[in-house]
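Taking it in order: structure first as structure tokens, then the write-up.
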Amino acid sequence: MVRLSSADLERVIGKAIMSEEVGQMMVGYDDHSDQRSISLDDTSSTEESPDETRLSLEFTNDAFPYTGQRFATHDAAYEFYSEFAKRCGFSIRRHRTEGKDGVGKGLTRRYFVCHRAGNTPIKTLNENKPQRNRKSSRCGCQAYMRISKNTESGAPEWRVTGFANYHNHELLEPNQVRFLPAYRSISDTDKSRILMFAKTGISVQQMMRLMELEKCVEPGFLPFTEKDVRNLLQSFRKIDPEDDSIDLPRMCRNIKDKDPNFQFEYALDSNNRLENIAWSYASSIQSYEIFGDAVVFDTTHRLTAFDMPLGIWVGMNNYGMPCFFGCVLLREENLKSYSWALKAFLGFMNGKAPQTILTDQNMCLKEAIAMEMPTTKHALCIWMIVSKFPSWFNAVLGERYNEWKAEFYRLYNLEAIEDFELGWRDMVNSSGLHTNRHITSLFALRSLWALPYLRSHFFAGMTTTAHSKSINAFIQRFLSAQTRLAHFVEQVWSPIPQLGAPEVDEEYHEEGDSSDNDRKD
């Protein structure tokens, strides 16, 4: 086995390891006692000789694992290898041990492997149980570090007896590797802040923005993601048993006793548990009759107490101000639930479907709209797309993010489809986002969100920047007022006041599209 100098190792394991040639090269070394090829199933227990250890110490750098490297504990070895992996663009996990604490010699050998090592076992399908179609990241990667226990010098220590840095998959850039689960964590202090935010009723996106401001970090650079926060909130679901005992159908019936024109619909599951509930008010139904040609159906929020998705129907009145049409709480986010919600909404509105509807990027919702509102033009809401940009692109683009975002807005507002597609190609080329999955998805769905494809349809101006911001601000104010589920329905029972005409804002009108002129009075 050829020994590498520290300079050679640094050259191999540094920037070159990120290159395309990494799949063709092998960086590995083992003690001379191992005559077999490197394998995660290698169970030999022979240690390297003292002379071999000294040779390794002379010709390696302590920044990289090497044969004979010593650690006081196996946890210290794990932390060292984890930091090395983070610099290289991957993460690690504990794989296999030999021996057992408290039995005989105790632990004698440990293996740490790349997080993509091994292969996912084939699961036995159960027709009665829903399956999660989630692709595994494991691909049989052979990168590993093996450590063995040594007691010759008196005090036990752990030595590296095997190391290979060959990867059969692409390694991540430094600004991407931090998104791997192994490097994402929520501190106890941050957990307390998130719990406090949850009790105020603000959305997860708002929590992320607030914590970024508190920590003075760029959007997308927190050590955890929105998904991590949602998972944490789910674990908080039972912290407030008072909310769990609320009978929403009974509350709605009480409101209907006071206002016969109040509308609500609900469904129970086989265990008599609330599955879905939707409601609307007399004033909202009246507003929809006049201003219901274009509707936003925002399903991006959740009620923390139940961890239930919340859908809000909103429109725009003749003054260009948002108006509330209705709400729905869903137990699940699937085709069946969304179809139920749309049917309930049409029932409230005497079967009148909107001409156009704007939603989040959700394939189940898209399919439900095609089924329940076949004559309605479906499009994607621009502010819901843009709100995801910090987590999608900030870390990838770095200092170029703001410039890229400005170019995106320019393309979004173009008139001609041909200009959009040419400009999009140039933007992707200049920003190096050819393989970015979010960019690929956005382009595939461009006819659902880009204005050049939507100008022949009526959206009441809600596709423009100014109106999008006003609708989003309206929804956030609406949500922030509902801090507890016990008051959620009752607080909004009093009809939301109709807003008067706003003061004339020249910039605001410049951003409106021509379809605003067709708005009903």
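How would T435, T225, T440, T463 rank on accessible area, largest to smallest, probe 1.4 Å?
Numbers: T435 135, T225 30, T440 80, T463 5 Å².
From most exposed to least exposed: T435, T440, T225, T463.
At 0.36 nm per residue, and after removing the present C-alpha to C-alpha distance, how many nm does the segment from S387 to N168 gain when stretched out fully?
Details: separation 219, 0.36 × 219 = 78.84 nm, distance 3.47 nm.
Taking S387 through N168 to full extension adds about 75.4 nm, to one decimal.
Please give me the summed charge of the neighbours of K388: other residues whose Cβ is under 13 Å from its Cβ, Lys and Arg +1, Asp and Glu -1.
+2
Sort 273-283, 147-157 for me by packing, meaning the mean count of neighbouring Cβ atoms within 10 Å per residue, highest on top. Please report the intermediate quantities before stating the final value.
Details: 273-283: 19.8, 147-157: 14.5.
Per-residue mean Cβ counts within 10 Å order the peptides as 273-283, 147-157.
Once you list every other residue whose beta carbon is under 15 Å from the beta carbon of E214, what net charge do they have if Lys and Arg are +1 and Asp and Glu are -1?
Numbers: positive: K191, R193, R209, K215; negative: D190, E212, E218.
Around E214, the surrounding residues sum to +1.
How high is the FRET efficiency between E399 and T120 when r is their beta carbon distance and R₀ equals 35 Å, given to the nearest 0.05?
Values: r = 38 Å, r/R0 = 1.09.
With a Förster radius of 35 Å, E is 0.35.
I need the phi-derived Karplus couplings for the stretch 415-428: 6.51 cos²θ - 1.76 cosθ + 1.60, θ = phi - 60°, integer Hz, Gly and Pro marked x.
In residue order, the calculated couplings are 8, 9, 5, 4, 5, 4, 5, 5, x, 4, 4, 5, 5, 5 Hz.
Please give the peptides 420-430, 288-298 ranked by average Cβ packing (other Cβ atoms within 10 Å per residue), highest first, as a rough proxy for protection. Show your work: numbers first, answer last.
Working: 420-430: 14.8, 288-298: 21.5.
Per-residue Cβ counts within 10 Å, averaged per peptide and sorted highest first, yield 288-298, 420-430.
The values are calculated or read from the model by the stated rules, or taken from the named source; none is laboratory data. Not measured: the values here are computed from a predicted model. Note: ideal-geometry Cβ built from the backbone for every residue, glycine included; neighbour counts use all protein chains shown. We work out accessible area using only protein heavy atoms, side chains counted, and drop any ligands, DNA or RNA first. Shrake-Rupley method; radii C 1.70, N 1.55, O 1.52, S 1.80 Å.
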